[in-house]
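This report refers to the structure that appears directly beneath it.
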Amino acid sequence: MNEGSAVLDVAKLSLLREVAVHGGVTSAARALRMTPSNVSQQLRRLERDAGVALLEPRGRGVGLTPAAERLVRRAEDVLAILEEAESDLAAERSAGAGSVRLAGFHTFAAGLLGDVIARLHASAPGLELEFVQADPEEAFDEVLSRRADLAVIDEYDGHPLAPVPGLVRIPIGTEPIRALLPEGASDPATIDWAMEPAPSDAFRWARGVCRAAGFEPRVRFVSPDPNVHRSLLEQGVAAAFLPAIVADGLPSRIREVVDLPGPLRRTHALILRRGTERRPRIAACRAAITDALAAALGGPGSDAGAADAQRGAARIEAHDTV
């Protein structure tokens with residue numbers, strides 16, 4: 001820092017962290033819903049305050065200098081301390097008042113959001129829940145940029161999401177996934193399949209399961225909505241991988257695909273900013289989400305899901321590297 005200059009601005013440090021996380025000014029600006037020129041302008045001001053170069057040309061864009069990378073690591077500590085300070089202040093206020101902003105993926109919203117809201121009304125009647133639907137990758141941006149306080153994500157075996165500095169991941173349960181054939185079908189290798197879009201982890205996982213079983217799935221129907229897959233399955237049009245919550249109540253004519261390598265499952269987890277874990281409002285929301293998931297899974301798998309949630313609450317796994 002230049003002699004006599006002001007203390008480094010926390011907002012600009014947070015912006016520098018976003019550039020590090022997203023790998024460039026343009027991507028960071030997109031995630032923050034800012035213009036690249038605005039981001040660049042703020043970073044130039046931070047450079048003047050710091051007295052060292054923070055950005056350097058890299059290919060067609062710019063990258064962080066070694067000094068900037070060191071500053072980002074320090075900024076992570078500063079931002080976490082500020083989050084903890086806000087948590088301490090929040091603890092002085094009513095745990096059941098205010099609002100919580102939650103981001104989550106489609107099947108969570110369709111299958112569990114209503115129950116989460118009902119549980120919050122019972123446990124924290126003064127707490128208002130705001131929700132935005134977001135894919136797991138988008139949910140990271142929502143939480144990191146403070147547009148959301150926490151997010152629910154799903155991860156598939158062999159396809160973990162990349163860790164993000166400043167965020168923590170708390171597992172809350174494991175959901176079985178069922179591989180299902182429509183009435184009259186017997187060979188998964190010769191029937192059409194409904195799957196999620198090709199870039200998604202859900203698709204890559206499902207295709208990997210099929211390939212490990214010795215066949216290439218014939219994907220004719222593509223939708224990000226598993227309820228569409230279920231509809232095609234029930235109408236006898238396509239086979240599908242359905243999460244247990246979506247597959248609940250299927251007619252008996254639907255058959256399981258046998259001899260697939262397992263276990264077939266996905267993990268649900270919460271994503272929070274480091275330092276916010278103890279905030280009463282977030283704790284109330286975490287409990288409602290965890291309980292709603294355990295209740296939805298039910299049956300033999302519910303105890304395992306609850307155990308996962310308890311272990312996750314006791315052992316928060318920090319996402320320390322991009």
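Nothing in this text is a laboratory measurement; each read-out follows from the coordinates by a stated rule. This structure is a prediction, so every number in the text was calculated from the model and none was measured. Positions of Cβ are generated from backbone atoms using ideal geometry, with glycine treated the same way; all protein chains shown enter the neighbour counts.
Can you give the calculated 222 nm mean residue ellipticity of the chain, where each DSSP H run of n ≥ 4 adds -39,500 (n - 2.57) and the sum is split over every residue, rounded to the nearest 500 deg cm²/dmol?
Helix-only estimate at 222 nm: -14000 deg cm²/dmol.
FRET efficiency for Ser37 and Ala162, Cβ-Cβ distance as r, R0 = 45 Å, nearest 0.05?
After rounding to 0.05, the efficiency reads 0.95.
Testing the spin-label approximation: label points 7 Å from Cα along Cα→Cβ at Ser145 and Arg30. State their distance in nm.
Taking the two extended label points, one gets 1.1 nm.
For region 162-174, just list the computed ³J(HN,Hα) in residue order, Karplus coefficients 6.51, -1.76 and 1.60, θ = phi - 60°, integers in Hz, with x standing in for Gly and Pro.
Here the 3J(HN,Hα) series is 5, x, 10, x, x, 10, 10, 10, 10, x, 10, x, 10 Hz.
At 0.36 nm per residue, and after removing the present C-alpha to C-alpha distance, how many nm does the segment from Ala213 to Arg45 gain when stretched out fully?
Working it through step by step, the gained length comes to 54.8 nm.
For Arg265, what residues show an amide H to amide H distance below 5 Å, using hydrogens built from the backbone and excluding near sequence neighbours?
Distant-sequence amide H within range of Arg265: Asp157, Ile177.
Can you give me the P(r) profile for region 10-88? Cα pairs, bins 10 angstrom wide beginning at 0, each as a whole percent.
In order of increasing distance, the bins hold 19, 52, 24, 4, 0 percent.
What does the extension gain come out to for Ala198 and Arg265, with contour length at 0.36 nm per residue minus their alpha carbon separation?
This chain segment gains 22.2 nm when fully extended.
Along Cα→Cβ, 7 Å out, is where each label goes; now give me the distance between the ones at Arg58 and Arg255 in nm to one decimal.
5.4 nm
Relative contact order of region 176-256: what whole-number percent is it, with Cα pairs under 8 angstrom and at least 6 residues apart?
Value for region 176-256: 47 percent.
Would you calculate the separation in nanometres between label points at Gln133 and Ala85, each defined as 7 Å from the Cα along the Cα-to-beta-carbon direction?
3.9 nm
For the pair Ala295 and Ala11, what calculated FRET efficiency results from E = 1/(1 + (r/R0)^6), where r is the Cβ-Cβ distance and R0 = 56 Å, to the nearest 0.05?
So, using R0 = 56 Å, E works out to roughly 0.85.
Under a point-charge model restricted to the Cβ atoms of Lys and Arg (+1) and Asp and Glu (-1), what is the dipole moment magnitude of the chain relative to its Cα centre, in debye to the nearest 20?
Roughly 540 debye, rounded to the nearest 20.
Hey, what did the chain get for relative contact order, percent, Cα under 8 Å, at least 6 apart?
23 percent
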